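Written below as structure tokens is the structure these notes are about.
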Number of protein chains: 2
Amino acid sequence: MSKKITASVVVIGNEILSGRTQDANIHYLACELTKLGIQLAEVRVICDDEFDIIEAVNHCRAKYDYVFTTGGIGSTHDDITAAAVAKAFGRAFEIHPEAERILLNHYKEKANKTRMRMAWMPNGAELIDNPVSRSPGFKVENVFVFAGVPIIAKAMFDNVRASLTGGPVLVVQTISSLDISEGMIGEHLRDLQDNHPGVDVGSYPFLKSGGFGVNLVVRGENKADVDAACEDIKVIITKAGGTALDQETEGDEF
Amino acid sequence: MSKKITASVVVIGNEILSGRTQDANIHYLACELTKLGIQLAEVRVICDDEFDIIEAVNHCRAKYDYVFTTGGIGSTHDDITAAAVAKAFGRAFEIHPEAERILLNHYKEKANKTRMRMAWMPNGAELIDNPVSRSPGFKVENVFVFAGVPIIAKAMFDNVRASLTGGPVLVVQTISSLDISEGMIGEHLRDLQDNHPGVDVGSYPFLKSGGFGVNLVVRGENKADVDAACEDIKVIITKAGGTALDQETEGDEF
């Protein structure tokens with residue numbers, strides 16, 4: 001198999017952990033990275049705490065190809081992500097001239113000390129344009145620092161997408177059955193997974209119209225491997241007395 | 001201040017990281033723990049990988065008062081959470097007699113090797129009843145192992161809620177303004193936070209009807225501390241020429 005390209009997401013924000021705000025960025029980034037052939041391998045949600053941010057960023061940037069942080073780059077006292085990322089890299093935390101220019105141009109006579117705090121970044125940071133509220137995100141080495149507001153995080157991801165190097169995009173195929181539950185075929189699925197090391201087989205049972213069914217999701221780099229596993233799954237379902245469908249079935253997964 | 005009671009959530013599932021499934025448990029547990037006076041301090045989302053599960057569980061159980069895992073306790077080959085938790089604790093992985101009894105009673109003549117795998121647990125595990133699909137979750141020391149399906153995870157949390165020891169439930173009060181943006185009062189908020197060490201002040205700007213506003217959320221153990229900070233916030237907003245509202249304003253937060 002080709003080298004896997006991996007990523008992690010670090011969500012920074014007391015408001016997520018307290019339940020005040022429901023995160024929307026994890027799922028979005030998971031989907032977008034998967035489309036690019038980048039495997040999201042870990043997510044951490046942490047407090048607005050300097051030590052925690054430094055620890056998470058340094059762990060993730062050493063372990064994964066890409067790190068995306070969301071949250072904590074606003075202008076107020078509770079926005080400490082940029083300063084903490086500077087410390088994580090051992091870089092000076094200083095005014096970024098281009099960010100300063102963008103903010104001055106945006107706020108004009110309303111520019112003040114608070115708003116200009118958003119121009120402070122780790123030395124050598126590369127800006128990520130923010131078309132929504134202007135105040136830029138930034139990148140240091142393999143760490144991308146985004147705002148937490150979903151619309152801005154998405155816009156910032158759009159602006160870096162083309163710069164990311166993905167691996168092979170996984171081929172995904174789902175075989176479902178409405179009249180077989182996973183408990184009836186689990187041992188065969190176990191053998192199937194052993195016999196098809198080039199793919200990952202996930203089993204997702206669901207309830208539909210009062211009956212149990214199962215979605216069997218096969219992921220792999222090569223279409224031929226995925227197709228071969230799917231054919232074997234159809235045989236397993238048929239032998240168990242069920243009907244195999246060549247597609248995902250929507251139901252209440254459990 | 002009283003001793004903080006802390007918790008972490010470990011979400012286990014390739015399907016969350018690939019974007020196939022959107023997690024719903026983090027937000028639910030964040031809200032419920034907050035209500036109990038338990039501070040959710042960290043969330044990790046990790047793959048169905050034995051090493052990753054062991055590492056996350058051992059990190060979190062040493063650092064936090066409670067750990068809640070979700071996902072990976074079904075019957076198929078991709079459900080490896082229970083075995084990994086046993087390894088994390090260095091305990092034998094074996095059939096739990098009461099879980100076996102529950103599953104046999106539930107499946108009756110349909111009990112088979114696959115379904116009975118859900119009776120395997122770390123030695124000494126305490127069962128957590130699953131009223132939805134019967135197969136129990138379990139607890140080992142301070143680690144609670146729940147199913148990933150939201151309806152079952154919620155039911156399992158309901159069943160352990162009374163056993164959790166919370167700290168003081170934080171008093172939360174929000175002051176908002178529709179005609180002040182955080183950029184206008186940021187330095188005053190910074191001073192305010194310094195002057196009120198007994199509370200945490202979060203600043204959440206929003207857009208409403210084309211204008212900027214801000215929700216200022218004050219959290220603290222003592223109502224008097226929270227009230228005092230809120231009074232000072234009202235003064236800050238008024239001095240800046242705005243109108244302070246004694247409540248949260250709904251808007252598009254960013």
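Look at B:ARG44, B:ARG219 and count the other Cβ atoms within 10 Å of each Cβ; fewest to most, that gives B:ARG219, B:ARG44. Karplus-based coupling profile of segment B:7-13, in residue order and whole Hz: 9, 9, 10, 10, 8, 10, x, with θ = phi - 60° in 6.51 cos²θ - 1.76 cosθ + 1.60 and x standing for Gly or Pro. Centroid-to-centroid, using Cα positions, segment B:81-106 and segment B:168-187 are 48 Å apart. For the residues of A:229-240, the average number of beta carbons from a partner chain within 10 Å of their own beta carbon is 0.
Note on B:LYS110, B:LYS87: ascending count of other Cβ atoms within 10 Å places them as B:LYS110, B:LYS87, the fewest first. For A:PHE206, the residues 5 or more places off, or on other chains, whose built amide H falls under 5 Å of its own are A:GLY213, A:VAL214, A:ASN215, A:PHE254.
A Cβ-based charge dipole, computed about the Cα centre of the protein assembly as shown with Lys and Arg at +1 and Asp and Glu at -1, lands at about 160 debye.
For B:GLY37, the residues 5 or more places off, or on other chains, whose built amide H falls under 5 Å of its own are B:LEU170. One decimal place: the segment B:VAL132-B:ILE151 gains 6.1 nm when fully extended, by the rule 0.36 nm per residue minus the C-alpha distance. Taken along its principal axes, the alpha carbon cloud of segment B:171-253 reaches lengths of 36, 21, 15 Å, longest axis first.
Whole-Hz Karplus values for segment B:70-82 come out as 10, x, x, 10, x, 9, 9, 4, 8, 9, 10, 4, 4 Hz, taken residue by residue from phi with 6.51 cos²θ - 1.76 cosθ + 1.60 and θ = phi - 60°; glycine and proline positions read x.
Compared with the dominant principal axis of the Cα atoms in chain B, helix B:25-35 is inclined by about 60°. Taken about its Cα centre, segment A:5-163 carries a charge dipole of roughly 360 debye when the Cβ of each Lys and Arg holds +1 and the Cβ of each Asp and Glu holds -1. Taking amide hydrogens as placed 1.01 Å from N in the peptide plane, the amide H of B:THR69 sits under 5 Å from those of B:VAL10, B:PHE144, B:VAL145, B:PHE146, each at least 5 positions away in sequence or on another chain.
Note on chain A: Rg/Rh from C-alpha atoms, Kirkwood Rh, equals 1.10. Which whole-percent values make up P(r) of the protein assembly as shown when all C-alpha to C-alpha distances are grouped in 10 Å steps starting at zero? With a bin width of 10 Å, the distribution comes to 4, 18, 26, 24, 16, 9, 3, 0.
Residue farthest toward the positive end of the dipole of chain B, with Cβ of Lys/Arg at +1 and Asp/Glu at -1: which of B:MET121, B:ASN215, B:ILE73? Sorting the options by dipole projection puts first B:MET121. Taken one residue at a time, the phi angles of segment A:211-220 give Karplus couplings (6.51, -1.76, 1.60, θ = phi - 60°) of x, 8, x, 8, 9, 10, 9, 10, 10, x Hz. Gly and Pro are set to x.
Counting other Cβ atoms within 10 Å as a rough exposure proxy, the listed residues B:SER18, B:SER209 run B:SER209, B:SER18 from fewest neighbours to most. Looking at chain B alone, DSSP beta bridges between its own residues are antiparallel in about 65 percent of cases. Summing charges over neighbours of A:VAL145, with a neighbour being any other residue whose Cβ is under 12 Å away from its Cβ, gives -1 when K and R count +1 and D and E count -1. When the Cα positions of B:ASN112, A:VAL143, B:THR249 are compared along the charge dipole of the protein assembly as shown, A:VAL143 comes out farthest toward the positive end, with charges on each C-beta of Lys, Arg, Asp and Glu.
Where a number appears in this text, it was derived from the coordinates with a stated rule and is not lab data. In this text, all values refer to a predicted model and were calculated from it rather than measured experimentally. Cβ: placed from backbone, ideal geometry, glycine included. Neighbour counts: every protein chain shown.
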